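The block underneath contains the structure these notes are about, expressed in structure tokens.
The values are calculated or read from the model by the stated rules, or taken from the named source; none is laboratory data. This one's a predicted model, so the numbers in the text were calculated from it and none came from an experiment. Reconstructed Cβ throughout: ideal geometry from the backbone, glycine too, with neighbour counts over all protein chains shown. Calculation scope for accessible area: heavy atoms of the full protein, side chains included, ligands and nucleic acids excluded. Shrake-Rupley method; radii C 1.70, N 1.55, O 1.52, S 1.80 Å.
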Amino acid sequence: MASNESILQGVNVLGPIQESQKKILTPQALAFVALLHRSFNSTRKALLERRKIRQAELDKGVLPDFLPETRHIRENPTWKGAPPAPGLVDRRVEITGPTDRKMVVNALNADVWTYMADFEDSSAPTWENMINGQVNLYDANRRQVDFKIGNKEYKLRTDKTLPTLIVRPRGWHLEEKHVTVDGEPISGSLFDFGLYFFHNAFETVKRGFGPYFYLPKMESHLEARLWNDVFNLAQDYIGMPRGTIRGTVLIETILAAFEMDEIIYELRDHSSGLNCGRWDYIFSVIKKFRQNSSFVLPDRSCVTMTVPFMDAYVKLLIQTCHKRGVHAMGGMAAQIPIKDDPAANDKAMEGVRADKLREVRAGHDGTWVAHPALASIATEVFNKHMPTPNQLFVRREDVVIGQNDLLNMNVPGKITEEGIRKNLNIGLGYMEAWIRGVGCVPINYLMEDAATAEVSRSQLWQWVRHGVTTAEGKHVDKAFALKLLKEQAQELASKAPKNNKFGLAAQYFSGQVTGEDYADFLTSLLYNEITSAGSPKPASKL
């Protein structure tokens, strides 16, 4: 095996390193992530090119379908994913959120079964956020994460077992510009995964669970194959048995929905199931078919989980997972308690209850909440209707889902000026916060993250592109969209602190709502605004 010193040749850190972060950015850890990068980055880039080729086909009107070349995998009933791993047998309520220290303590103290610590959609990837997040998870796994702010203490509880920790690294499309390997930025996915795995794999096993991950934004089973290869190399490198890592894949792209069997198959020994990433899924449908007028959707509030294409996706996911013996996880309840309006709060919480009831009755094995206060509602519903640790035995053999079902855009509802303004507010509000380094934002008593901002942005682009008419009879064109954008940006800026970033957010957003330019991801579009790369520091000298 090559020495760390030889591997570290060509590895540079461009971000500042504080004393508390040195235990994360060790030469040994950086040698490991550099090895991952050199082993897999060319494949990652090839798969991203494949996405572009696929998009060009969709733009020409070619619709996705189940792959003929993998029919033998789908139609073979004998193969299974891995049995649930320690700490992942019962996942009925999972809380998700960023990796700041306060969130880590509060999430691990919540009455839930797992906590998904998020380096992705609810985190703005500033260098400080990404490295401090690794510090916080390192400390949390060792039960050394307690801290004090002013007179307030944050301490991990000791009265019961803590929720199982699952980490979501960034998607394959994102880079970490503060670390370069051989002159190019390292993959954000490999950086986040690699640092967490290297420092915590054995510690988590010692604690009774393991190195567990949520895998976002995949568009094909080949991207899952790449993750599986990464997992195998990582485990072999540190001498850990293969299959110790587990990955739950978020099905949050329309293309992945046609390859769910294949995705589980690629990850077999490492699979812990699939999750319905509902907002990203809606974003993906609009994004992938943005040139196709048959896919124009009404106001975001009309696109519920019961509309045909969403209902089909949920049913197919549950059927596929349970056929293969792995968990089928439900989606996010993003509501935040409304403390100053009991009637409005009751209505919102009833909405959460109805959503969780739909999920458990459909056959989901668990669900997501964004706020600890929602955990009791989700728990009550799942405890009542799922007395067992999961419901892998609910096979949903009644379900028959074909191409037309997944692409059925028969969504009742209208496009309204209020819907346009709401999308502008969510997009601007999220982007403004993101530029300030904040990755999840409460807006109108909902916790918004990159996924909901993407839905908002993509709908606006789509409506202008196809020249829709609102329910009020207004033609939606470029001038109208930019007029409303200016109004909403001025209104938001007038209510915000003086040093707000709404002007800059509006500048970026204006290029994304005219039906012309379309960035692949808002996060990629804005990333340079939050990078702080300095002069390179050779990793071997740290």
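Some notes on this structure:
- Under 17 Å of direct C-alpha separation, and excluding same-chain neighbours fewer than eight residues apart, LYS152 reaches these lysines: LYS102.
- Contact order for segment 328-452, expressed relative to its length and based on alpha carbon pairs under 8 Å spaced 6+ residues apart, stands at 26 percent.
- For the chain, adding -39500 (n - 2.57) for each run of n ≥ 4 DSSP H residues and dividing by the number of residues yields -14500 deg cm²/dmol at 222 nm.
- Environment charge of ARG207, counting only residues whose C-beta is closer than 11 Å and scoring Lys/Arg +1, Asp/Glu -1: +2
- The listed residues SER540, SER376, once ranked by accessible area (1.4 Å probe) with the largest placed first, stand as SER376, SER540.
- The count of lysine pairs in segment 205-330 with alpha-carbon distances below 21 Å, taking only pairs 8 or more places apart or on different chains, stands at 4.
- Per principal axis, descending, Cα span of segment 84-124 in whole Å: 31, 20, 14
- Taking packing as the residue-averaged number of other Cβ atoms within 10 angstrom, the listed peptides 390-402, 416-428, 257-269 run from highest to lowest as 257-269, 416-428, 390-402.
- Counting only lysines at least 8 places from LYS541 when in the same chain, those with an alpha carbon closer than 30 Å to its own are LYS22, LYS23, LYS45, LYS177.
- Part-to-part distance (alpha-carbon centres) for segment 302-324 and segment 363-378, which is given in Å: 18
- Two-site FRET efficiency, LYS537 against LEU67, from Cβ-Cβ distance with R₀ of 56 Å, rounded to 0.05: 0.80
- Spacing of the two label points (7 Å from each Cα toward its C-beta) at VAL205 and ALA373, in nm: 4.2
- Inverse mean reciprocal Cα-Cα distance (Kirkwood Rh) of segment 403-542, Å: 16.5
- Under-5 Å amide H pairs with LEU174, H placed in peptide plane, nonlocal only: GLY188, SER189
- Here the Karplus curve 6.51 cos²θ - 1.76 cosθ + 1.60, taken at θ = phi - 60°, turns the phi angles of segment 287-295 into couplings of 4, 5, 10, 5, 8, 9, 5, 6, 10 Hz, with x standing for Gly and Pro.
- Taking 0.36 nm per residue of sequence separation and removing the Cα-Cα distance, the LYS155/GLU380 pair yields an extension gain of 78.4 nm.
- When all protein chains stay in place and ligands, DNA and RNA are ignored, the 1.4 Å accessible-area order of SER6, SER456, largest first, is SER6, SER456.
- Mean shadow area of segment 210-341 over all directions, Cα convex hull, nm²: 10.5
- Computed extension length for LYS498-ALA56: 154.8 nm, one decimal, from 0.36 nm per residue of separation with the Cα-Cα distance subtracted.
- In this structure TRP368 has an accessible area near 20 Å², from a 1.4 Å probe over the protein heavy atoms.
- Inverse mean reciprocal Cα-Cα distance (Kirkwood Rh) of segment 17-157, Å: 19.4
- Counting Lys and Arg as +1 and Asp and Glu as -1 over every other residue whose Cβ lies under 13 Å from the Cβ of LEU406, the net charge comes to -2.
- Distance from segment 234-250 to segment 129-157 (C-alpha centre basis), Å: 25
- In segment 317-424, the C-alpha radius of gyration followed by the widest Cα-Cα span (Dmax) gives 16.9, 46 angstrom.
- Heavy-atom accessible surface of segment 1-90: percent carbon and sulfur, 1.4 Å: 58
- Antiparallel DSSP beta bridges within the chain, as percent of all bridges there, nearest 5: 40
- Relative to the current alpha-carbon distance between GLN18 and ALA471, full extension at 0.36 nm per residue lengthens the span by 157.6 nm.
- Taking a quarter of the surface of the Cα convex hull of segment 122-257 gives a mean projected area of 10.2 nm².
- Probe 1.4 Å, all protein chains present, accessible-area order of ARG242, ARG50, largest first: ARG242, ARG50
- A DSSP coil position with no more than 10 other Cβ atoms inside 10 Å describes the following trypsin sites (Lys or Arg not before Pro) in segment 434-542: LYS498.
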